[in-house]
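Take a look at the structure below.
The values are calculated or read from the model by the stated rules, or taken from the named source; none is laboratory data. Since the structure is predicted, the reported quantities are computational estimates derived from the model, not experimental observations. Here the Cβ is made from the backbone with ideal geometry for all residues, glycine too, and neighbour counts use every protein chain on show.
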Amino acid sequence: MIFDTHSHYDDKQFDTDRDELLKGLYAAGVECVVDVGADLASSERAVALSEKYENVLAAVGIHPDSAFEADDSGIERLGTLAKNKKVVAIGEIGLDYHWMVCEKEVQENAFRRQIHLAAELSLPVIIHSRDAAEDTYRIMKDEEANICGGVVHCFSYSAEMALKYLEMGMYIGIGGVLTYKNGRKLKEVAAAVPMERIVLETDCPYLAPDPHRGKRNDSSYIRYVAEELARIKNISYDEVVGITRANALKMYGLDKNI
Ligand code: NI
């Protein structure tokens with residue numbers, strides 16, 4: 001069964017049919033999803049969803065676009081939320097120089113503080129990094145994020161950069177972009193990264209794979225990503241699903257419970 005390591009079912013776009021979708025995951029071949037927070041409010045919603053649905057886990061974190069929230073009280077709130085037993089990671093956190101909603105210094109400060117929090121709580125991190133490969137890598141090195149481990153989600157950099165993150169012990173998160181005609185760079189990354197270090201993700205409602213590109217994404221579409229990865233790696237679909245599931249369990253520290 002598929003493990004969707006990164007989703008946003010707390011998003012408004014799911015208001016009309018969230019319950020139906022989450023209850024139908026199993027029938028769609030999806031065993032488990034992690035609902036990832038992007039600010040304090042969505043982190044609270046992620047935890048609430050994880051409490052309501054057995055097959056939903058949560059991550060709590062402040063995305064670089066909301067980095068201004070990461071003051072003392074914001075970090076304290078995250079720390080409290082993270083103590084919930086269904087919270088498996090701190091994320092998504094990182095740097096976004098594409099939209100630059102918050103200034104670089106504000107983003108960097110929020111990023112560093114949340115890596116500290118993850119280390120304190122012994123949780124992995126979910127990294128969001130856009131147009132900021134070098135700074136993300138530098139800060140993670142600096143803060144010894146390798147001790148936390150985790151994933152660089154929706155990986156958008158070169159294969160060379162992917163190998164540097166692998167050396168740091170991180171997993172590479174791959175989603176819908178892999179199926180796009182202009183997704184050549186990510187296909188190269190997928191070819192270069194060993195299967196043992198790849199996890200599947202939707203990032204839904206965003207980034208629906210072909211042939212649903214442009215529409216609302218959900219976890220049932222992750223099979224198109226798995227099919228494309230099977231083609232690139234020249235292995236079976238079932239192997240892709242099995243290996244990435246095992247990786248996800250290990251990455252989120254869930255393998256110890258099995
Ligand atoms: Ni996301």
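Out of all the residues in region 28-58, which are of a type in the set (Ser, Thr, Tyr), part of a helix (DSSP H, G or I) and away from the ligand (no atom under 13 Å from the Cβ)?
Here is the first cut: in region 28-58, the ones of a type in the set (Ser, Thr, Tyr) are 42-43, 50, 53.
Adding the requirement that they be part of a helix (DSSP H, G or I) leaves 42-43, 50.
Once the filter is applied, which keeps residues that are of a type in the set (Ser, Thr, Tyr), part of a helix (DSSP H, G or I) and away from the ligand (no atom under 13 Å from the Cβ), region 28-58 yields only 50.
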Checking residue 156 against (1) away from the ligand (no atom under 16 Å from the Cβ); (2) of a type outside the set (Val, Ile, Thr); (3) outside any helix (DSSP H, G or I), which single condition isn't satisfied? (1)
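Mind listing just one residue for me: the one in region 195-215 that is closer than 18 Å to residue 3 by Cβ and either hydrophobic (A, V, I, L, M, F, W, C) or more than 16 Å from the ligand (Cβ to nearest atom) (or both) and, of those, surrounded by the fewest Cβ atoms within 10 Å (Cβ to Cβ)?
196
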Counted residues, region 10-27 - those being closer than 26 Å to residue 128 by Cβ and in a helix (DSSP H, G or I): 6
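Each row is one residue, and each column tells you yes or no for (1) at positive phi; (2) of a type outside the set (A, V, I, L, M); (3) assigned to a helix (DSSP H, G or I); (4) at pLDDT below 95.
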residue	(1), (2), (3), (4)
187	no, yes, yes, no
228	no, yes, yes, no
239	no, yes, yes, no
249	no, no, yes, no
256	no, yes, yes, yes
Residue check, residue 184 against (1) over 13 Å from the mean Cα position of the chain (by Cα); (2) touching a residue at least 12 places away in the same chain (Cβ under 8 Å), all met but one. Which one? (2)
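Determine, yes or no, whether residue 103 is of a type outside the set (Phe, Trp, Tyr), loosely packed, with under 15 Cβ neighbours inside 10 Å and over 25 Å from residue 81 (Cβ atoms). Before the answer, list the steps.
Details: of a type outside the set (Phe, Trp, Tyr): yes; loosely packed, with under 15 Cβ neighbours inside 10 Å: yes; over 25 Å from residue 81 (Cβ atoms): yes.
Yes.
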